[in-house]
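Engineer: Quick one: this structure, given as structure tokens, is what I'll be asking you about.
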Amino acid sequence: MAHLNRTTEQWQQIDTAHHMHPFTDYKELAKEGSIIITKADGVYLTNSDNKQFLDAMAGLWCVNVGYGRKNLAEVAYKQMQELPYYNTFFKTATVPAIELSRQLAELTPKDLNHAFFSSSGSEANDTVVRMVRRYWDLKGCPTKKTFISREYAYHGSTMASVSLGGMAAMHGQGDLPLPGFEHVMPPYSYKYSDGMSDEDFGIHTANKIEEKIIELGPENVAAFIGEPIQGAGGVIIPPDNYWPRVQEICKKYDILLVVDEVICGFGRTGNWFGSDTYNIQPDIITMAKGITSGYVPLSGIMIGNRVSDVIINEGGEFYHGYTYSGHPVACAVAIENIKIIKEESLIEKSRDTSIYLQERMKEISEHPLVGEVRMKSFIGCVELVKDKEKKIMFEDTGTVGTICRDYCLENGLVMRAVRDGMIFCPPLTFSNDNVDELIEKLKKSLDKTLEHISKI
């Protein structure tokens, strides 16, 4: 293991020379050098200079049970010894994939009884596009191909999943979105409500979906897809009446409802799924991240009886799948991860801790840079603004958020900047003491940010 005995600078040089990161300005990174994360335990990360960071992002929205879970490592090791890999093509299956399918059918909302596995949220949403279009072909509705999503939606990074998403910057690379993908206004109250009440704004934004369906023609629309809470879009939390109205619209025009639970699933919103939190009954859900708490890659979709009955009984061979669909090690880890969440009552405990977090976030909302703090259980956003009284946002979107993120890192805190919103999404194991540490480090970082921009 001699190759591990390198300095931080040496690792940074090799990183720059050979490693291309996701969502990265490579020239900028080469100037600054990467933070080299070497270990983690509980809710803390440690870098190659032995500096510790409080991880308020649960990795990338995913480490729900926290770091250092030896039982997850042991389960993976045992499964690797017994059966490290086998595919689920050609009429074969493995015990972990079968058992996980059964457990997910019990955990997910009513009538979602069949699982199709992949390795990432992007792949899961890609699968949805294939399966939904196949469903409508089998139903004798071949023109029902178009998906409706929302601006600021993030559904992945493949060609299809980027097209599903509503990120303008991503659409600017690769001639995207592909044909057959449309986007409507999100329920982003702080930016778009313009004095409307929450109730009026919820109906207003949901009705944008109906307007788009009418514009395109219901006979051409296959599905609406949305996250219960738009995570990477800036933690956009909808008014309470938004999702009931969305479901009415989908039912009225015979549009499938797909719910992206990649971030919201496995306890993030105070229930097993965001669909439970908002009382949504989807036709399909996608999941990833929290299903294994990020310990190994795994994703999947859960398919409702309406769709699965047609695909299974009328579809013949479904020409879709991945080498690692239902990977036995990943599925074994997912089963153990679900067991941990249940046995330690992590969802219930995080619900309690979130009350304390919300109370302490009131202090943050008073800061001169903060226009709004919005949160639902263990996911939230601190919206940074130029003028909090007039709700004026910064012109050069993303600059101030990046400055604040960098000060957070300097102060030993991991948060994510989305535009000028500071995102938090801690492990479900966060304690009240961890909340106190988060608040103090964030206050310090906000003060530093304010001082910084006042000099520009």
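The values are calculated or read from the model by the stated rules, or taken from the named source; none is laboratory data. Quantities reported herein were computed from a predicted structural model and do not represent experimental measurements. FYI the Cβ positions are ideal-geometry reconstructions off the backbone, even for glycines, and counts take in every protein chain you see.
Engineer: Looking only at the range 384-441, which residues are of a type in the set (Gly, Ala, Ser) and within 17 Å of Gly234 (Cβ to Cβ)?
Structural biologist: Taking the range 384-441 as the starting set, the residues that turn out to be of a type in the set (Gly, Ala, Ser) are 398, 401, 412, 417, 421, 431.
Across the range 384-441, the qualifying residues are Gly398, Gly401, Ala417, Gly421.
Engineer: Looking at the range 413-440, I want the residues that are surrounded by fewer than 20 Cβ atoms within 10 Å (Cβ to Cβ) and have a partner that is of a type in the set (A, V, I, L, M, F, W, C) and part of a strand (DSSP E or B) with Cβ atoms under 7 Å, at least 6 apart or on another chain. Which pairs are those?
Structural biologist: Glu437/Leu54
Engineer: It is to be established whether one or more residues within the range 222-233 are more than 13 Å from Arg150 (Cα to Cα) and either without any contact (Cβ under 8 Å) to a residue 60 or more places away in the chain or of a type outside the set (Gly, Ala, Ser) (or both).
Structural biologist: no
Engineer: Could you check, for the range 142-149, whether at least one of its residues is crowded, with 24+ Cβ neighbours inside 10 Å, modelled with pLDDT of 95 or more and under 17 Å from the mean Cα position of the chain (by Cα)?
Structural biologist: Within the range 142-149 (the criterion being crowded, with 24+ Cβ neighbours inside 10 Å, modelled with pLDDT of 95 or more and under 17 Å from the mean Cα position of the chain (by Cα)), the answer is yes, since at least one residue qualifies.
Engineer: Give the residue, chosen from Glu182, Glu123, that is assigned by TED's automatic domain parsing to the domain that holds Ser308 and within 18 Å of the chain's Cα centre (by Cα).
Structural biologist: The match here is Glu123.
Engineer: Among the numbered conditions (1) at pLDDT below 95; (2) under 25 Å from the mean Cα position of the chain (by Cα), tell me where Lys391 comes up short.
Structural biologist: For Lys391, the failing item is (2).
Engineer: Can you pull out the residues in the range 174-216 that are free of Cβ contacts under 8 Å to residues at least 40 places away in the same chain, within 14 Å of Gly226 (Cβ to Cβ) and not in a loop (DSSP other than H, G, I, E, B)?
Structural biologist: Phe181, Glu182, His183, Val184, Thr205, Lys208 - these are the residues of the range 174-216 that are free of Cβ contacts under 8 Å to residues at least 40 places away in the same chain, within 14 Å of Gly226 (Cβ to Cβ) and not in a loop (DSSP other than H, G, I, E, B).
Engineer: Then there's this: Which of the residues belonging to the range 18-37 are surrounded by fewer than 15 Cβ atoms within 10 Å (Cβ to Cβ) and touching a strand residue (DSSP E or B) at 6+ places or on another chain (Cβ under 6 Å)?
Structural biologist: Correct list: Ile37 only.
Engineer: Tell me which residues, restricted to the range 255-300, are among the polar types (S, T, N, Q), crowded, with 24+ Cβ neighbours inside 10 Å and more than 26 Å from Val221 (Cβ to Cβ).
Structural biologist: Thr269, Thr292, Ser293
Engineer: Could you tell me whether Lys448 is in the same structural domain as Ile379 (by TED's automatic domain parsing) and surrounded by fewer than 21 Cβ atoms within 10 Å (Cβ to Cβ)? Break it down into steps so the answer makes sense when it comes.
Structural biologist: Values: in the same structural domain as Ile379 (by TED's automatic domain parsing): yes; surrounded by fewer than 21 Cβ atoms within 10 Å (Cβ to Cβ): yes.
For Lys448, the condition - in the same structural domain as Ile379 (by TED's automatic domain parsing) and surrounded by fewer than 21 Cβ atoms within 10 Å (Cβ to Cβ) - is met.
Engineer: Among the helices (runs of 4 or more DSSP H) confined wholly to the range 13-86, which include 2 or more residues that are within 26 Å of Cys381 (Cα to Cα) and touching a residue at least 40 places away in the same chain (Cβ under 8 Å)?
Structural biologist: Hits in the range 13-86: 58-61.
Engineer: While we're looking at this one, here's another question. Is it the case that the range 439-455 has a residue that's under 19 Å from Lys362 (Cβ atoms), modelled with pLDDT of 95 or more and among the acidic types (Asp, Glu)? First the steps, then the outcome.
Structural biologist: Taking the range 439-455 and keeping what is under 19 Å from Lys362 (Cβ atoms), we get 439-447, 450.
Narrowing the set further to residues that are modelled with pLDDT of 95 or more leaves 439-447, 450.
This time we only want the ones that are among the acidic types (Asp, Glu), so: 440, 447.
For the range 439-455, residues under 19 Å from Lys362 (Cβ atoms), modelled with pLDDT of 95 or more and among the acidic types (Asp, Glu): present.
Engineer: Turning to a different aspect of this structure: Looking only at the range 214-234, count how many residues are more than 22 Å from Arg419 (Cα to Cα) and buried (at least 24 other Cβ atoms within 10 Å of the Cβ).
Structural biologist: Qualifying residue count for the region: 4.
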